[in-house]
1. Looking at region 41-64, which of its residues are surrounded by fewer than 17 Cβ atoms within 10 Å (Cβ to Cβ), in contact (Cβ under 8 Å) with a residue 40 or more places away in the chain and of a type in the set (V, I, T)?
2. Are any of the residues in region 101-113 at pLDDT below 70, surrounded by 10 or more Cβ atoms within 10 Å (Cβ to Cβ) and not charged (D, E, K, R)?
3. Regarding V39, is this residue modelled with pLDDT under 90 and either of a type outside the set (F, W, Y) or more than 20 Å from W105 (Cβ to Cβ) (or both)?
4. Against the condition at pLDDT 90 or above, surrounded by 19 or more Cβ atoms within 10 Å (Cβ to Cβ) and part of a helix (DSSP H, G or I), how does V23 come out, does it pass?
Amino acid sequence: MSDITYNVGLLLDRSPLPESDQVLSDLLARWTQDKIEAVANVVAPSVTLDPAVRDRVIAKAVARYMSRPRDGVTQESVQVDDGQMTRSYAKPSGELGEVEILDEWWTELGLPSPAAEAESFTIRPHYHRPYRHMSPWGFR
């Protein structure tokens with residue numbers, strides 16, 4: 001069990017994690033680390049990532065992923081005296097999803113968010129008159 005997997009267990013309040021969750025956590029941690037390094041190499045190749053910060057971000061991202069329900073709809077009900085609270089969670093069936101790194105975690109790593117880079121664009125208005133010999137009001 002890696003330090004990241006141990007920290008994931010602490011964040012989920014399930015330390016130590018069961019064996020199957022440890023294997024999943026290690027796999028997701030490797031994939032997330034590969035993703036971070038790939039983005040760092042493209043966006044900022046001269047930036048050296050701090051290993052402690054990188055591991056902290058990976059642990060938070062994997063814990064967030066593993067805290068979501070995997071078996072479809074789940075429901076949690078809590079009833080105390082006259083009050084009742086019900087939480088329902090639904091996840092699309094058949095989709096595993098991907099470990100998501102939030103924008104503030106990219107900032108913590110010292111990297112720009114790939115989503116922010118992809119959404120940036122500029123619109124420059126442009127107008128062509130259909131015919132050069134026509135006046136702007138449509139007659140000659």
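The values are calculated or read from the model by the stated rules, or taken from the named source; none is laboratory data. Computed from a predicted structure; not experimentally measured. Glycine also receives a Cβ, built like all others from the backbone with ideal geometry; neighbour counts cover every protein chain displayed.
1. V43, V47, V53
2. No, every residue in region 101-113 fails to be at pLDDT below 70, surrounded by 10 or more Cβ atoms within 10 Å (Cβ to Cβ) and not charged (D, E, K, R).
3. When the stated conditions are applied, V39 passes them.
4. Judged against the criteria, V23 is not a match.
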